[in-house]
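**Student:** Handing you this structure, nothing more for now.
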There are 2 protein chains.
Amino acid sequence: MPVCRGKTFKYEKASILSYAAVVGKAESDGPYGGEFDEVLEDNKDSAETWEQAEALLQSKALKHAMGKAELKPEDMDLLVAGDLLNQCTGSSYGLKDYYIPFLGIYGACSTFAEGLLLAGAMVNGGYVGNAAAVTSSHFSSAERQFRFPLNYGGVRTPTAQWTATAAGAAIVVPESKPPYIRAATVGKIQDMGITDLNNMGAAMAGAAYDTISRHFTHMGTHPESYDLIITGDLGQVGSDILSDLFRRDGVSIDKYHKDCGLMLYDREKQDVHAGGSGCGCSASMMCGHFLKRIECGDLKRVLFCATGALMSPTMVQQGGSIPGICHAVEITAK
Amino acid sequence: MPVCRGKTFKYEKASILSYAAVVGKAESDGPYGGEFDEVLEDNKDSAETWEQAEALLQSKALKHAMGKAELKPEDMDLLVAGDLLNQCTGSSYGLKDYYIPFLGIYGACSTFAEGLLLAGAMVNGGYVGNAAAVTSSHFSSAERQFRFPLNYGGVRTPTAQWTATAAGAAIVVPESKPPYIRAATVGKIQDMGITDLNNMGAAMAGAAYDTISRHFTHMGTHPESYDLIITGDLGQVGSDILSDLFRRDGVSIDKYHKDCGLMLYDREKQDVHAGGSGCGCSASMMCGHFLKRIECGDLKRVLFCATGALMSPTMVQQGGSIPGICHAVEITAK
């Protein structure tokens, strides 16, 4: 049973039974393109709009994850899902036809870690026999919602990141099998004072530093304790800031640090500027690549730290800044 | 410890230690105006915009709830919060300066029940020593986000509801004291095919019926088992549909049913059409009125069922319908 008061949660009965990722064309053209479960034909696939295509991504990701575990919708106890679309409609529209108890969450691009953390807590606490964490993002729906309609043809700044067209789903159960969810640290909101909608990495780096530092302290660990520290989508700008923040403490994380935003695309050939972003970025890299490597024992202990920019165009237009958050989930092979 | 596999969660160690509600002028002019902890001077109070005023509402509600329990931010383990504003910024901007671990949730107007359910689960499961559920809504920020800018002066339809300018916060702890959170049923998304942004009640009624029916079945209860069955904000249209749906099963809930949307305002004197709505509607009625009545034993057993319309103007403009959800939390005096 869970042991701690506040701070970092411990899990004794939370394993990831199955997982799946569905991505768009650009993501499939990246270095990990061969590892995803399905690739959309184009940005809309069989849907009529980008928003509906994003909902379809989530629906497909959950379907693949359930299929691998031979679970039907009526076997599922709980979905924990969210996304970037206004009012989380990628999740509510994409998952409504499964008719599974549904808890909506919002953590911007940190959503997959928040979902794993909560799905793990509900399974480990004995509330449910299984729970799926699901999330998505879509380049075209996100750009027009948060910045400009694509038709506007705005020039992207060097700090801008490319919202991944991707979804991931993972099903957590109490049965003992790798990958195991062992611990999790809930993020505190950090406001770095960033007001540029095209500089998410800087807005999130402080939150990543805070959560990872607290996780180290509570667990008595340090960078060398992990095979990898995987951040969600800091991109190049945010990753550099994170490295600097740790260096101030005399700690180097560079050797162990990987950022999903710097992995999903081939930045030499693909025009993604500072890297990938979006809930689907870390969700697809985890469900397409990393969870497999943990399951087979290639990676023994990983700290997955998805970062989110809790931004609102309305607030930014009013002069507000962009608060960041980061949730950390420790996942192990044993 | 929690016992069930999926379905309805049971809680043995989850009490509501303190709670508070902050409302706007119209809400303070309603029948329960004297019961709230603070009333804003006007729709903006000391903020510069309606969105910032909504964030202020949440900040104030949490401050009052912590104050009553003599808790400081550094004593708090977890916040579970969300709201209607695009990207839940009422919560992230309103609560960021407390620097408390934060889980963002999105359940539209069902958010307060989802927050109580999760805060209770994390406390009862031993993950945290306390957890606060916080939510808000604001008439002026919601209207311009979901429908029309207020300056447009659109005529409201008879089915329209009035989004409450209100926030509520409740702090859950494992110590034994009333009100107790005893059980909770997570909602399934229900799509009634409603496409009218001004008919939330009809969109949510099916979800309320589904969740309440499942809660009765899992708990072996019926309407007479409760002093009150309190829905969030079905309003007149949704309440009538809910009554009809139960009547088809030969069940009458009318004698036990109260709807926060029909209570918050004086519908004879205040021009709120089908009733109140918004996350703050049920949150303020619970934290201002009902939790007091449960705490003092005036109400022994209550089923609180907050309803949410998982709507998106974008999806509705594309011809989509408005899915509904309802989460139920059973709260008792003993």
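**Student:** Rounded to whole angstrom, how close does the nearest chain B beta-carbon get to the axis mapping B onto A, and which residue is it?
**Tutor:** Residue and rounded Å distance to the axis: B:Gly125, 2.
**Student:** Distance in nm between label sites at B:Lys292 and A:Lys300, each 7 Å beyond Cα in the beta-carbon direction?
**Tutor:** Taking the simple label geometry, B:Lys292 and A:Lys300 are separated by 6.0 nm.
**Student:** Report, as an integer, the average count of C-beta atoms from other chains found within 10 Å of each Cβ along A:90-100.
**Tutor:** On the way: counts 1, 3, 14, 8, 0, 3, 9, 3, 2, 4, 4.
Per-residue shielding by partner chains comes out at 5.
**Student:** Let me know the whole percent of all Cα-Cα pairs from chain A that are separated by more than 34 Å.
**Tutor:** For chain A, the share of Cα pairs beyond 34 Å comes to 15 percent.
**Student:** Report Rg/Rh for the protein assembly as shown, rounded to two decimals, where Rg is the Cα radius of gyration and Rh the Kirkwood radius. Please report the intermediate quantities before stating the final value.
**Tutor:** On the way: Rg = 22.8 Å, Rh = 24.1 Å.
Rg/Rh: 0.94.
**Student:** Applying the Karplus parametrisation 6.51 cos²θ - 1.76 cosθ + 1.60 with θ = phi - 60° to the phi angles of the range A:293-303, what ³J(HN,Hα) value in whole Hz is obtained for each residue in order, glycine and proline being reported as x?
**Tutor:** After applying 6.51 cos²θ - 1.76 cosθ + 1.60, I find 5, 6, 4, 7, x, 4, 10, 8, 8, 10, 10 Hz.
**Student:** May I ask you to compute the full-extension gain from B:Asn198 to B:Lys68, defined as 0.36 nm times their residue separation minus their alpha-carbon distance, rounded to one decimal in nm?
**Tutor:** 43.0 nm
**Student:** Over chain A, what relative contact order in percent results from Cα pairs under 8 Å that are six or more residues apart? Let's see the in-between values first.
**Tutor:** On the way: 908 pairs, mean separation 82.4, N = 334.
Contact order relative to length: 25 percent.
**Student:** What's the center-to-center distance, using Cα atoms, between the range A:176-254 and the range B:180-205 in Å?
**Tutor:** 37
**Student:** May I pose another question? Would you calculate a helix-derived [θ] at 222 nm for the protein assembly as shown, using -39,500 (n - 2.57) for each DSSP H run of n ≥ 4 and dividing by the full residue count, to the nearest 500?
**Tutor:** Using -39500 (n - 2.57) per qualifying helix, the result is -9500 deg cm²/dmol.
**Student:** Which whole number gives the average, over all residues in A:302-312, of C-beta atoms from other chains lying within 10 Å of the residue C-beta?
**Tutor:** 2
**Student:** Using the membrane-span-like helix rule (whole DSSP H runs, Cα extent along the own axis of at least 15 Å, mean Kyte-Doolittle hydropathy at least -0.5), which helices of chain A qualify?
**Tutor:** Span-like helices, by this rule, are A:111-124, A:200-219, A:235-248.
**Student:** In terms of modelled amide H atoms, which long-range or inter-chain residues lie less than 5 Å from the amide H of B:Leu79?
**Tutor:** Under 5 Å from the amide H of B:Leu79 lie the amide H atoms of B:Phe102, B:Leu103, B:Ala132, each far enough along the sequence or on another chain.
**Student:** In sequence order, what are the phi-derived ³J(HN,Hα) couplings for the range A:321-334 according to the Karplus relation 6.51 cos²θ - 1.76 cosθ + 1.60 with θ = phi - 60°, rounded to whole Hz, with x for glycine and proline?
**Tutor:** Residue by residue, the range A:321-334 yields 9, 10, x, x, 8, 8, 10, 10, 10, 8, 10, 10, 8, 10 Hz.
**Student:** Okay, next question. Under a 5 Å amide H to amide H cut-off, with H placed in plane at 1.01 Å, what residues pair with A:Thr135 once short-range neighbours are removed?
**Tutor:** Placed amide hydrogens put A:Gly168 under 5 Å from A:Thr135.
**Student:** Turning to a different aspect of this structure: For A:Arg147 paired with A:Asp244, estimate the spin-label separation in nm (one decimal), with each label point 7 Å from Cα along the Cα-to-Cβ line.
**Tutor:** Result: 2.2 nm between the two label points.
**Student:** Another question about this same structure. What percent does the relative contact order of the range A:227-274 come to when contacts are Cα pairs within less than 8 Å and at least six residues apart? Could the numbers behind the result be given before it?
**Tutor:** Working: 42 pairs, mean separation 24.4, N = 48.
Normalised by residue count, the contact order of the range A:227-274 is 51 percent.
**Student:** Could you sort A:240-246, B:248-254, A:105-111, B:159-165 so that the peptide with the highest average Cβ count within 10 Å comes first and the rest follow in order?
**Tutor:** Numbers: A:240-246: 18.6, B:248-254: 12.6, A:105-111: 32.6, B:159-165: 27.4.
So the peptides A:240-246, B:248-254, A:105-111, B:159-165, ranked by packing, come out A:105-111, B:159-165, A:240-246, B:248-254.
**Student:** Related question: I'd like the Karplus ³J(HN,Hα) series for the range B:251-266: coefficients 6.51, -1.76, 1.60, θ = phi - 60°, whole numbers in Hz, and an x wherever there's a Gly or Pro.
**Tutor:** Along the range B:251-266, the couplings run 10, 10, 9, 3, 5, 10, 8, 10, 10, 4, x, 9, 10, 5, 10, 8 Hz.
**Student:** Now for a different question. Beyond a 27 Å Cα-Cα separation, which of these cross-linked pairs lie in this structure: B:Lys258/B:Lys334; A:Lys292/B:Lys13; A:Lys72/A:Lys292; A:Lys10/B:Lys334; A:Lys25/B:Lys188; B:Lys44/B:Lys258?
**Tutor:** On the way: B:Lys258/B:Lys334 21 Å; A:Lys292/B:Lys13 38 Å; A:Lys72/A:Lys292 22 Å; A:Lys10/B:Lys334 31 Å; A:Lys25/B:Lys188 32 Å; B:Lys44/B:Lys258 30 Å.
Beyond 27 Å between Cα atoms: A:Lys292/B:Lys13; A:Lys10/B:Lys334; A:Lys25/B:Lys188; B:Lys44/B:Lys258.
**Student:** Which whole number gives the average, over all residues in A:79-86, of C-beta atoms from other chains lying within 10 Å of the residue C-beta?
**Tutor:** Taking the mean over all residues of the peptide, I get 4.
**Student:** For the pair A:Ser225/A:Ser176, report the inter-label distance in nm, with labels modelled 7 Å from Cα in the Cβ direction.
**Tutor:** 2.2
**Student:** Considering only DSSP beta bridges with both partners in chain B, what is the antiparallel share in %, to the nearest 5?
**Tutor:** Here the share of antiparallel DSSP bridges comes out near 65 percent.
The numbers here are math on the coordinates, done by the rules we state, and not lab data. For clarity, every value in this text was computed on a predicted model and none was experimentally measured. For neighbour counting, all protein chains shown are included, and Cβ atoms are generated from backbone atoms with ideal geometry for every residue, glycine included.
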